[in-house]
Amino acid sequence: MSTTSLTDRLGSLLMAPVHLLMRIIDIPLRAVQKTAGIGGMAAVFLAPNMLIFGIFVLLPLVINFVYSMTGGTAFFLSERNFIGAEQYQRLFTCTNYLDPMSCQEDAFWTAVGNTFWFVILQVALMIGLSLITALILNRDLAARSFWRAVFFFPVLLSPVVVGLIWKWILQRQGLLNFGLYQFGIEPYTWLTDRNWTFIATIGVSIWAHMGLYTLILLAGLQAIPKDLYEAAEMDGTKPARVFRRITLPLLAPNLLVVVVLALIKAVQIFDEVYVLTGGGPGTSTLYLTQYIYETGFASTLRNPGLAAAASILMGLVLVVLTLIQLGIGQRGEKKGKR
Amino acid sequence: MGVASRFILRRRGGKSWHWTDIVTWVWLVGGLIIMFGPAVWLAFSSFKTPAALAEFPPSILPYVTSQATVQGYDKPLQLFEAKMPDGSTKVLAEVRRIGLVAQMVDPTTPGEIVRVNIGDRTPVRSVSFATENYTTPFTQFDFLRYLWNSVFVTVTATLITLIVNSMAAFALSKYEFRGRSLAMLIILATLMVPLSVIMVPLYSIISSLGLFNNLWGVILPTVATPTGVFILRQYMLTIPDELIDAARMDKASEWQIYWRIVLPLTAPALAVLAIFSVVWRWNDFLWPLIVLSRRELYTLQVGLSIYSGELNVQWHFILAMTVVTMIPVVLVFIFLQRFITTGIAGTGLK
């Protein structure tokens, strides 16, 4: 008893200055409330969030379009000259639209191509693995929350840590080569091979993110009424048929949401790849966000306008994906209401 | 052991093993190794000396070769277990090596030199943790500074996020006003505006506000999270309006209602948002990389990536600092994992 009262007392002691601060804030706000009325206080409560939101999200979103129509290397808009759609033209100037190397901005199209294949392969493999894991975790397991946590663990790790963990494993004296060495396979420098590096970025990003999607799919599986399965069992339905006729249709909305969410994240891949490969060797793992970052900031021939134009094109893809997601969500809600 | 294995391997209704049970266990144990193995391997490696890190094949535990100071020699000599011609083994110290033959001495009788074929000897090794991998970066490099920067950014950003988001959520859930649905729509629409789409103009805004190379330039753009407003609003909608009306009867000001009634009742949702925010801000990388270009301002993530990208990578330091960077997240994982998993499963957001 005495310990709880002690912690309580300690807590109230620590909170005392906060309470005092809140009381001081209350004095001017009461005056505001007197003039603005109770309804007017809504604006006061909304103001800080909307102000920050407006300055750091909405405003950049709007001036991004202006940026993409200006040229030069300066960052301040007042020092930049208006050039119309020239940046977009530059991005789309190609002699052969099937060959990225024939384009004026070949790095952009290489990044687009790399990102495209990365997104397709990563999402397909990851959702497949997540679905299998979720199905397994949905079985009658002992210590299910432990196993769920096992697959979720990498999701919390920072991308930089993820990149370094795998860089350490894939390097020449690393664990992978050690494992293969046991089977008589000679050590190999995985991160200097164009194809293996590409595969590594897919594998590492699956490792880092599949736990999130497993979790959402598992929640979807657990929401399927148990009596459906019991009825199927009584009828002696084969498991494969149960999966096709009950699990898959009822999980479909979740599955769609998860696929779109994974697509949105995969298009923006940057952090872990940047640490793991730096986009190399060559341009084999150069993805869109890194292209934008390097064009806008890092390269000596930086061109913020071009980076802005590329980021708007990427934004368009994301808008389409988000609209699909919202559409699915709405359809799901309507179904739920019926 | 018997009880434990029976508990772990228990089957529904005591039925016999089915092939799906085997698949399940292979998958789970394989998952355990693949998900935890790399991080554990990194943690073990972080205690190795540079010499041990360069070894192939690597050992799991950090070993160092034992050394001894022998009378008559200035430097400490490496100890080996050598096979003697008569078949016995003896611990000898190596003086020098010429081709395939090593000149060695017995540490107890340093006078006489024994010649040993290098194939007949193995180094004496013992487990030893190279803790200097951890202490050196903190004392000789700026890593203590980076750690502090990361903590400052994480704590400040999380506190501001909680206050600002909860105020907005309060306004959007408990007041009727013109433009409420518009405000909601704007917040929802930008739920998916990622940094990569707005980083160029955002950078110009940050620098025109004088926040380039400033930790506040890292903090401010992240605090008005639509996700946070969304989670908190959903939760506040469940607080009965009668409570607020009763407080108004008692002449409580709107600020008091927010602070004394609504916030305490929203505690569970605030806790979830706080955990998310801590993990997000601790892990942020691209934006700090853009805003911070002075070494003393780096966060841990930026510092780590810059150091690991340098030409002569000092892996023993990098590995140790990676472990340090991992610690807060691992703690969150161990103690608060349940909040996060239910939070994600409930909202589908990360």
Could you list, in sequence order, the residues of the stretch B:303-314 that are more than 8 Å from every other protein chain (Cβ to nearest Cβ) and either assigned to a helix (DSSP H, G or I) or modelled with pLDDT of 90 or more (or both)? B:GLY303, B:ILE306, B:TYR307
Identify all residues within the stretch B:230-264 that are over 22 Å from B:THR341 (Cβ atoms), among the hydrophobic types (A, V, I, L, M, F, W, C) and surrounded by 16 or more Cβ atoms within 10 Å (Cβ to Cβ); write none if there are none. B:MET236, B:ILE239, B:ILE244, B:ALA247, B:ALA252, B:TRP255, B:ILE257, B:TRP259, B:ILE261, B:VAL262, B:LEU263
For residues that are buried (at least 16 other Cβ atoms within 10 Å of the Cβ) and either under 13 Å from A:THR201 (Cβ atoms) or away from every other protein chain (no Cβ under 11 Å) (or both), tally how many sit in the stretch A:122-133. 6
(1) surrounded by 22 or more Cβ atoms within 10 Å (Cβ to Cβ); (2) of a type in the set (S, T, N, Q); (3) closer than 17 Å to A:ALA266 by Cβ all hold for A:THR295 apart from (3)
What's the number of the condition A:PHE183 fails, among (1) outside any loop (DSSP other than H, G, I, E, B); (2) away from chain B (no Cβ under 11 Å); (3) out of contact with any Ser or Thr (no Cβ under 9 Å at 6 or more places or on another chain)? (1)
Can you find, within the stretch A:320-338, the residue that is farthest from A:PHE76 (Cα to Cα) among those that are surrounded by 15 or more Cβ atoms within 10 Å (Cβ to Cβ) and at pLDDT 80 or above? A:ILE324
Between residues in the stretch A:309-324 that are within 20 Å of A:MET69 (Cβ to Cβ) and more than 8 Å from every other protein chain (Cβ to nearest Cβ) and residues that are surrounded by fewer than 18 Cβ atoms within 10 Å (Cβ to Cβ) and not acidic (Asp, Glu), which pairs lie under 6 Å by C-beta distance while being six or more apart or on different chains? A:ALA309/A:TYR88
Which is within 10 Å of chain B (Cβ to nearest Cβ), out of contact with any strand residue (DSSP E or B) (no Cβ under 9 Å at 6 or more places or on another chain), surrounded by fewer than 23 Cβ atoms within 10 Å (Cβ to Cβ) and not hydrophobic (A, V, I, L, M, F, W, C), of A:PRO253, A:PRO225, A:PRO239? A:PRO239
With the condition kept exactly as written, say whether any residue in the stretch A:188-195 is at the interface with chain B (Cβ under 8 Å from one of its Cβ atoms) and either assigned to a helix (DSSP H, G or I) or polar (S, T, N, Q) (or both). no
For B:ALA224: the one exception among (1) over 27 Å from the mean Cα position of the chain (by Cα); (2) touching a residue at least 40 places away in the same chain (Cβ under 8 Å): (1)
Of all residues making up the stretch B:186-203, the number that are facing chain A (nearest Cβ under 7 Å), part of a helix (DSSP H, G or I) and buried (at least 18 other Cβ atoms within 10 Å of the Cβ): 9
Filtered residues of the stretch A:266-292 (kept if modelled with pLDDT under 90 and buried (at least 19 other Cβ atoms within 10 Å of the Cβ)): A:GLY279
Of all residues being within 10 Å of chain A (Cβ to nearest Cβ) and in contact (Cβ under 8 Å) with a residue 60 or more places away in the chain in the stretch B:44-65, which is farthest from the chain's Cα centre (by Cα)? Just the residue, please. B:LEU53
Name every residue in the stretch B:215-226 that is more than 7 Å from chain A (Cβ to nearest Cβ), under 16 Å from A:PHE53 (Cα atoms) and not hydroxyl-bearing (Ser, Thr, Tyr), in order of residue number. B:TRP216, B:GLY217, B:VAL218, B:ILE219, B:PRO226
Take the conditions over 22 Å from A:ILE269 (Cα atoms) and within 10 Å of chain A (Cβ to nearest Cβ) and apply them to B:PHE212. Does it pass? yes
Given the residues B:THR154, B:THR158, which is the only one that is of a type in the set (Val, Ile, Thr), in contact with a Phe, Trp or Tyr (Cβ under 6 Å, 6 or more places away or on another chain), closer than 17 Å to B:THR299 by Cβ and part of a helix (DSSP H, G or I)? B:THR154
What's the total number of residues in the stretch A:289-308 that are among the aromatic types (Phe, Trp, Tyr), within 7 Å of chain B (Cβ to nearest Cβ) and in contact with a Gly (Cβ under 9 Å, 6 or more places away or on another chain)? 0
With the condition being farther than 30 Å from B:MET326 by Cβ, I'd like the strands (runs of 3 or more DSSP E) fully within the stretch B:68-143 carrying at least 2 qualifying residues. B:77-83, B:89-98, B:101-106, B:109-117, B:121-123
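The values are calculated or read from the model by the stated rules, or taken from the named source; none is laboratory data. Being a predicted model, the structure only gives us computed values, none of them experimental. Positions of Cβ are backbone-derived with ideal geometry, glycine not excepted, and every protein chain shown enters the neighbour counts.
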